Amino acid sequence: IVGGSVGGGGGSGGAHRGKRADVSGPTGLSLLVRNISQDIQTEDLREAFSRVGDVRDVYIPRDYHSQQPKGFAFIEFATHEQAREARDEMDNFVMRNRQLEVVFAQERRKTPNEMRGRVVDGDEEDNRNHGNHGNHGNHGN
């Protein structure tokens, strides 16, 4: 509340809430839905899952080059309890002739900028460990 990030920037707020929920089960409020049909739309998933709870976000990742859906989706709920109930009710649910697999997502959905920079997170350490040592080894040969 002090930083004013209650509105749109809930990245760090979500992380704290996720750690808190970790005591009773998997982290977070988001579900990973596998085996979705290629022609399914976010509205279809929102409609199906909103019967169980307050759906905050639906995201269907697409291949960067082809723009085709990757066959899975992330659905974020308002509360951990709603997410748990949705997982229990919607796991093995058949939608468009496909049996859905619904599990808790390991992490919150990443923004496009986070996806572009995802290598950077581990790169700093890799450059320190491998970059210097690797270059010395190459110069020696």
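The values are calculated or read from the model by the stated rules, or taken from the named source; none is laboratory data. Values in this document were obtained by computation on a predicted structure and should not be read as measured data. The protein model used for the area step is the full one, side chains on, heavy atoms only, and it has no ligands, DNA or RNA in it. Shrake-Rupley method; radii C 1.70, N 1.55, O 1.52, S 1.80 Å.
Note: relative contact order over segment 30-108, using C-alpha pairs below 8 Å and six or more positions apart, is 41 percent. Carbon and sulfur atoms: what percent of the 1.4 Å accessible area of segment 30-108 do they account for? Accessible surface attributable to carbon and sulfur in segment 30-108 totals 40 percent.
The slack between Glu89 and Glu43, meaning 0.36 nm per residue of separation minus the straight C-alpha distance, is 14.7 nm.
For segment 30-108, what is the accessible area per residue in Å² when the probe is 1.4 Å?
Values: 4620 Å² over 79 residues.
Per residue, segment 30-108 has 58 Å² of solvent-accessible surface.
Using a probe of 1.4 Å on the protein chains alone, the accessible area found for Thr79 is around 50 Å².
When all protein chains stay in place and ligands, DNA and RNA are ignored, the 1.4 Å accessible-area order of Glu76, Glu47, Glu101, Glu89, largest first, is Glu47, Glu89, Glu101, Glu76.
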